[in-house]
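The values are calculated or read from the model by the stated rules, or taken from the named source; none is laboratory data. Owing to the predicted nature of the structure, the values given are computational and were not obtained by experimental measurement. Backbone-built Cβ (ideal geometry, glycine too); neighbour counts: all protein chains shown. Accessible surface areas use protein heavy atoms only, side chains included; no ligands, DNA or RNA. Shrake-Rupley method; radii C 1.70, N 1.55, O 1.52, S 1.80 Å.
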Amino acid sequence: MSAREVVLGVGGGIAAYKSCDLLRRLQDEGFAVTVIPTPSSLNFVGAATWEALSGRPVTTTVWERVDEVRHVRLGKETDFNIIAPATADLIARIAHGRADDLLTNTLLASTAPTLIVPAMHPAMWANPATVSNVELLRERGYHVMEPDHGRLTGSDVGVGRFPETARIVKEFKAITDPVLDLAGKKVLVTAGGTREPLDPIRFIGNRSSGRQGLAVARAAAKRGAEVTLISANGQTSELPGLTVINVETAEEMFSNVDKYFDGTDVLVMSAAVADAKPSQVSAAKIKKGALTAIELTANPDIIATVASRKKNQIVIAFAAETSLDLAEGERKLLAKSADILFLNDVAGSEIFGSGQTQGVILVRSSHDVISHHEIERISKDTLADLLLDQALDKLG
Ligand code: CTP
């Protein structure tokens with residue numbers, strides 16, 4: 001096998017026919033492709049088509065060519081996997097480690113980077129089961145594309161369409177030939193929400209899920225940066241390539257940001273930091289009769305404190321507001337001595353814990369002129385890259 005071996009897994013959706021063109025375009029890009037259709041996908045495109053187009057044998061179960069132990073051999077030898085189209089069922093099977101056909105067996109035996117290209121009815125894409133399966137796969141490092149919005153097989157319109165071939169190839173190439181434009185740069189990211197203890201049981205917290213910060217940390221690492229993630233009360237178990245520091249309170253976050261800031265190139269302050277903490281932390285549980293008022297003491301403003309001494313660092317702030325007030329965004333950007341600020345409207349709290357976001361990126365020029373870039377609903381991963389693009393632009 002050559003250096004750029006690809007397994008193209010084809011799920012049982014009508015978009016399977018569009019993957020015939022995708023296969024051709026992958027070959028145009030110099031990849032050698034072995035196609036593994038699921039048995040049900042043969043209802044849409046037959047094995048003969050795939051054999052003719054790929055010039056390679058095509059089987060769908062582990063009970064064919066048993067002497068070759070194809071799932072193990074293909075799993076070991078492939079450099080990249082691309083699953084297109086990925087149905088809701090196929091996504092569920094991959095997420096849960098099922099191995100009931102050749103494709104899922106091969107994926108279990110493979111450690112190669114994998115791009116999953118979903119295509120299904122919008123209701124199936126929005127179903128909590130699919131949403132959580134996609135989340136699980138992303139947490140495990142699979143790249144899951146966002147399907148397109150548009151007309152589906154029937155008369156319904158929504159998010160679920162198989163993306164245009166050119167978009168799939170572009171996304172796949174970003175995985176196979178990553179742009180390491182942040183190589184040699186140090187990026188410090190804060191994520192999550194701080195918790196300020198009141199007693200051993202209770203704390204003052206907030207609704208930040210930490211997903212945006214995690215997306216920035218992952219995107220920066222993918223682009224070659226050396227990333228330190230300071231995570232407040234987040235899920236940080238499987239984050240290859242990142243240095244993770246877990247903290248609980250604003251004070252702990254402050255001391256770590258303060259320690260690493262001078263040696264960093266970019267600070268991305270996406271954590272939701274409690275502005276104040278209980279003045280007294282009780283060593284014993286406070287009984288309900290005594291819980292009538294909480295006296296608060298201000299926490300340090302982390303970003304404003306470190307950014308006021310910045311030299312060449314690029315500082316990115318976030319502002320979650322309950323109304324999209326551009327003047328307030330501009331005021332905050334200047335008050336925090338930041339270079340870039342992402343302003344979003346969290347009224348109704350749809351943004352918290354979601355994979356999607358929307359808002360305005362404010363960018364401050366060297367002459368303190370602030371430009372606005374409106375961001376329509378996009379994934380937090382995409383926003384992460386847009387913010388890093390802006391930072392890179394400023395780093396020069
Ligand atoms: N931030 C910080 N330290 C704090 C509070 C906020 O570093 N003690 C950072 C956040 O991480 C974010 C930015 O400041 O990047 C803006 O946070 P926000 O809560 O919107 O601003 P505040 O200054 O707290 O203003 P207000 O709560 O009055 O809106």
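Annotations
- Using the Cβ of Arg25 as centre and a radius below 13 Å, the other residues enclosed give a net charge of 0, where K and R count +1 and D and E count -1.
- Each label was represented as a point 7 Å from its Cα along the Cα-to-Cβ direction; for Glu171 and Asp275 these points are 3.9 nm apart.
- The chain - share of DSSP beta bridges that are antiparallel (%, nearest 5): 30 percent
- The chain - mean residue ellipticity at 222 nm from DSSP helices (-39,500 (n - 2.57) per run, n ≥ 4, rounded to 500): -9500 deg cm²/dmol
- Stokes-Einstein D in µm²/s, Kirkwood radius over Cα pairs - the chain at 4 °C with 1.567 mPa s viscosity: 56 µm²/s
- Rounded to 5, percent antiparallel among DSSP beta bridges of the stretch 5-176: 20 percent
- You can think of it this way: the chain between Asn43 and Ile378 has 117.2 nm of extra reach, that is 0.36 nm per residue less the Cα-Cα gap.
- Rounded to 10°, Cα long-axis angle of helix 211-222 versus longest principal axis of the chain: 60 degrees
- Å² per residue, accessible surface of the chain at 1.4 Å: 47 Å²
- Computed 3J(HN,Hα) for the stretch 361-374, one whole-Hz value per residue from the Karplus formula 6.51 cos²θ - 1.76 cosθ + 1.60 where θ = phi - 60°, is 8, 9, 10, 9, 7, 5, 9, 6, 7, 10, 9, 10, 10, 6, glycine and proline marked x.
- Table column - 3J(HN,Hα) (Hz), the stretch 48-60, Karplus curve with 6.51, -1.76, 1.60, x for Gly and Pro: 4, 4, 5, 5, 5, 6, 8, x, 9, x, 10, 10, 10
- With θ taken as phi - 60° and the Karplus curve 6.51 cos²θ - 1.76 cosθ + 1.60 applied, the whole-hertz 3J(HN,Hα) list for the stretch 244-255 is 10, 10, 8, 10, 10, 9, 4, 4, 5, 5, 4, 5 Hz, x standing for glycine and proline.
- On the stretch 182-331, 49 percent of the accessible area sits on carbon and sulfur atoms, based on a 1.4 Å probe.
- Shape annotation for the stretch 166-309: C-alpha extents along the principal axes are 64, 35, 22 Å, from largest to smallest.
- Neighbourhood net charge (10 Å Cβ-Cβ; Lys/Arg +1, Asp/Glu -1) for Ala250: -4
- Length added when fully stretched, Arg140-Thr322, from 0.36 nm per residue minus Cα-Cα: 62.3 nm
- Portion, in percent, of the accessible area of the stretch 2-161 that falls on carbon or sulfur, probe 1.4 Å: 54 percent
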